[in-house]
Amino acid sequence: MKNPWREVPLDQYERHMAEQKVYQLQELNRLMERQLNGYPVNSVAILGVAGGNGLEHIEADQYESVVGVDINDEYLNACWRRYPKLQSCLKLICADLRQPEISLPQVDLVIANLVLEYIGIGCFFHCLDTIRPRLVSCVVQQGQKENVVSPSPYVQELQRVEEIYQDIDPTGLVARMREAGWVVMLREEIPMPNGKRLIRLDFHLRQQQ
Ligand SMILES: C[S@@+](CC[C@H](N)C(=O)[O-])C[C@H]1O[C@@H](n2cnc3c(N)ncnc32)[C@H](O)[C@@H]1O
């Protein structure tokens, strides 16, 4: 089956996310600013980077390497056009994060916002195994199971992504991360206008004894 994310036009996705009743583009932008500037790291990978919402918060010389991964190459083309100031450090990779043979560059920090719902925790762990970061910051959404894609004039374009959506329970995610050697160091919950909640969870690797 062709991944439905390959068929969602970026402007439809972004307009949907920016709708007043959805408001996730704006909130995710603020979250990205804090995720990108919250830790002393040289390199970052953003899984499911879409059109690069929030990358404007990176200074040109802040990172040695900024890796953006997405399954939709048109989204990545938009990232490239939008952020000329990052062209010396930006590496964009068009790949399916669910592929068992995926191999990604090693970085210090992985950011994964609203992408675990489409790749699942098992594939996420596989990505972490290949990237070997020391920090992970992710955002998952909670609430309104009947409306995975919130109502908006653009919902029709996005409806098909529901087919591959899976709910991620934050408590379960923390437990699985703990088993894999990760310690949660930040938990932030952001209520959204449509009744959903965005849950940010940051982790660091447990120190070896
Ligand atoms: C809900 S959007 C989140 C985008 C962005 N992180 C944000 O917070 O606005 C999910 C993103 O993950 C990408 N994606 C979904 N499944 C993927 C997969 N299997 N491999 C790579 N990217 C994927 C989609 O193309 C889309 O850009």
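All of the numbers you see were taken from the coordinates with simple rules; none came from a lab. This is a predicted model, so every value here is computed, not measured. Cβ placement follows ideal geometry from the backbone for every residue including glycine, while neighbour counts extend to all protein chains displayed.
Observations on the model:
- Two-site label geometry, Met185 and Thr130: point separation in nm, points 7 Å out along Cα→Cβ: 2.6
- Antiparallel beta bridges, as assigned by DSSP with both residues in the chain, represent about 45 percent of the total such bridges.
- Kyte-Doolittle at least -0.5, axis length at least 15 Å by Cα - qualifying DSSP helices, the chain: 116-131
- Each other residue within a Cβ distance under 12 Å of Asp202 adds +1 if Lys or Arg and -1 if Asp or Glu, for a net charge of +3.
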